[in-house]
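Engineer: My questions will all concern the structure given below.
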Amino acid sequence: MKIHEYQARQLLEDAGVPVPAGQMVTTVDDAVAAASALLSAGAGRVVIKAQVHAGGRGKAGFVRLVDSVSGAREAAAFMLGNRMVSPQTGPEGLDVRRLLVAAAVDIVREYYVAVALDRASGRNMLIASAEGGVEIEAVAARAPDAILRVPIHPLGGLEPWAARDLAFRLGFTGRQVAQAAAMFRKLANLFVGLDASMVEINPLIVTPPQEGHPDGRVLAIDAKFSFDDNALFRQPKVAGLFDPAEENASELRANEFGLSYVALDGTIGCLVNGAGLAMSTMDIIKLHGGDPANFLDVGGSATEEAVTEAFRIILQDDAVRGVLVNIFGGIMQCDRIARAIVASAKEVGFRVPLVVRLEGTNVDAARRILEDARRDIPQMQSATDLTDAAQRVCAAVAG
């Protein structure tokens, strides 16, 4: 599960990580009021950021620095009145419903810091770089040695000496070292305490010297958090941050019925039982020249109602030009799928070719059900095996 930047900043602030003052708003007037308050309080400039679950905001014009109330109004009106299009959103873009209005700060240097699970070692890892403010993937490709990694002890957490050593290696000096080390430890504790899958600050910055801070302040001015969905039952605070408006509507509907669904960009809808079989099904579709429109695993215990809903979700995608059903019956009985196909034909209607491959538990009964319904489902074809099924659906879509 992802959350917005303004929510991540609040989690950081609650954990004692310093962030600039800011406020989330949903209207142009509220954005103007928030910017006016910050400017009146002494902020020389204000930054206005679109709050969406996608990167590339700055290049798309959805992060703006303003130094006046009129500038804030113009920026907010633009962001709330236009869809944000970036390489991460696709050409359709995203609606912007929320803005973060925050005090801008002068920056001397930018850093990158994150905590994530390192699957190679099976340990949580603090990842940092003195080249912050840019995509870390670009840094890793250009200068892999610029990425520093510090393992986090599974019981003791990030130890003080390791945090200070990392701060020195990144180039922090003077009183910056203690500030950075404390921030690293808090970030590591936050990652574990909230069952996060990734916490990232980019950039972590150092400000110019200020009164009371002769070496400058170390601040987090942008943050990105994601969480382990399987742990949300014990993280009610995190679960309450979920924003359904930022998620794919079909994926939300599928989740309500216990279905694992991910929308893709192809034209062949897939209904499969088992994640591994679903991946194999998508692979063989690609092998025979097609493109899967989704990953959909109905699991082993889905009800007829859930399977019917799965067909409804697949068929509501206008890009779908054919559907492949691939069921290997174990716990999931083939006749249940067959009845769901017949029910879906009545309730939803198949406007596109349907290719069905069934094997396993109750397969003979399932085939009889489909044969009896063939007159009512003229778009349906039966396949002898998975290769035959893939060839049939790809040919039907191509034709």
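Engineer: Compute the angle between helix 28-40 and the longest alpha-carbon principal axis of the chain, please, reported from 0 to 90 degrees and rounded to the nearest 10.
Structural biologist: 20
Engineer: Here is a further query. With a cut-off of at most 11 other beta carbons within 10 Å, and DSSP calling the residue loop, which trypsin sites (Lys or Arg not before Pro) in the range 307-399 qualify? Please list them.
Structural biologist: Loop-located and lightly packed - Arg351.
Engineer: How much length is gained if the chain between Arg375 and Lys286 is pulled fully straight, taking 0.36 nm per residue apart and subtracting their Cα-Cα distance, in nm to one decimal?
Structural biologist: Values: separation 89, 0.36 × 89 = 32.04 nm, distance 3.05 nm.
Gain in length upon complete extension: 29.0 nm.
Engineer: Would you work out which of Asn362, Thr303, Ile377 lies farthest towards the positive end of the dipole of the range 249-398, given +1 charges on the beta-carbon of Lys and Arg and -1 on that of Asp and Glu, about the Cα centre?
Structural biologist: Ile377
Engineer: Okay, moving on. What's the extension gain from Glu159 to Gln210 if we count 0.36 nm per residue and subtract their Cα-Cα distance?
Structural biologist: Working: separation 51, 0.36 × 51 = 18.36 nm, distance 2.94 nm.
Here the answer is 15.4 nm.
Engineer: How large is the helix-only mean residue ellipticity at 222 nm for the chain, computed as the sum of -39500 (n - 2.57) over DSSP H runs with n ≥ 4, divided by its residue count, in deg cm²/dmol to the nearest 500?
Structural biologist: So the helix-based figure for the chain works out to -11000 deg cm²/dmol.
Engineer: Considering the values (i) 255; (ii) 138; (iii) 163, which represents volume of the Cα convex hull per residue in Å³ as calculated for the structure under consideration?
Structural biologist: Given (i) 255; (ii) 138; (iii) 163, the structure-derived one carries the label (iii).
Engineer: Post the alpha-carbon centroid distance, the range 11-26 to the range 361-399, in whole angstrom.
Structural biologist: When both Cα centres are located, 56 Å separates them.
Engineer: Among all stretches of the chain without exposed GluC sites (Glu not before Pro) (DSSP loop, at most 12 other Cβ atoms within 10 Å), which one is longest?
Structural biologist: Between exposed loop sites, the widest span is 212-399.
Engineer: Which residue, Asn202, Asn273, Asn124, has the most motion in a Gaussian network model of the chain that connects Cα atoms within less than 10 Å?
Structural biologist: Asn273
Engineer: Just to verify a number: FRET efficiency for Arg149 and Asn255, C-beta to C-beta distance, R0 = 30 Å, to 0.05? Spell out each step's value before the answer.
Structural biologist: Numbers: r = 34 Å, r/R0 = 1.14.
The calculated FRET efficiency here is 0.30.
Engineer: Let me ask something else. Long-range amide H contacts for Ile268: which residues qualify at under 5 Å (H placed 1.01 Å from N, peptide plane, sequence gap of 5 or more or a different chain)?
Structural biologist: Asp291, Ala293, Arg321
Engineer: I would also like to ask the following. Classify the range 249-398 as rounded, prolate or oblate, taking a ≥ b ≥ c as the square roots of the eigenvalues of its Cα gyration tensor: rounded when a/c is under 1.5, otherwise prolate if a/b is larger than b/c and oblate if not.
Structural biologist: rounded
Engineer: Based on Cβ point charges of +1 for Lys and Arg and -1 for Asp and Glu, what charge dipole magnitude is obtained for the range 278-380 about its Cα centre, in debye rounded to the nearest 20? Each step should come with its number before you reach the end.
Structural biologist: Working: 12 positive and 15 negative charges, 57 e Å.
Around 280 debye, computed over the range 278-380.
Engineer: State which entries of Lys49/Lys286; Lys2/Lys346; Lys237/Lys346; Lys49/Lys186 exceed 31 angstrom in Cα-Cα distance in the structure shown.
Structural biologist: Beyond 31 Å: Lys49/Lys286; Lys2/Lys346; Lys237/Lys346.
Engineer: Using +1 at the Cβ of each Lys and Arg and -1 at the Cβ of each Asp and Glu in the chain, identify which of Ser121, Gln88, Leu158 lies farthest towards the dipole's positive end.
Structural biologist: It is Leu158, whose Cα lies furthest towards the positive end.
Engineer: Using a simple charge model, +1 on the beta-carbon of Lys and Arg, -1 on the beta-carbon of Asp and Glu, nothing else, what dipole does the chain show about its Cα centre, in debye to the nearest 20? It would help to have the intermediate numbers written out before the result.
Structural biologist: Values: 39 positive and 48 negative charges, 84 e Å.
It works out to roughly 400 debye.
FYI, it's all coordinate maths here, none of it is from the lab. Given the structure is predicted, the values throughout are model-derived calculations rather than measurements. Every residue, glycine among them, receives a Cβ derived from its backbone with ideal geometry; neighbour counts consider all protein chains shown.
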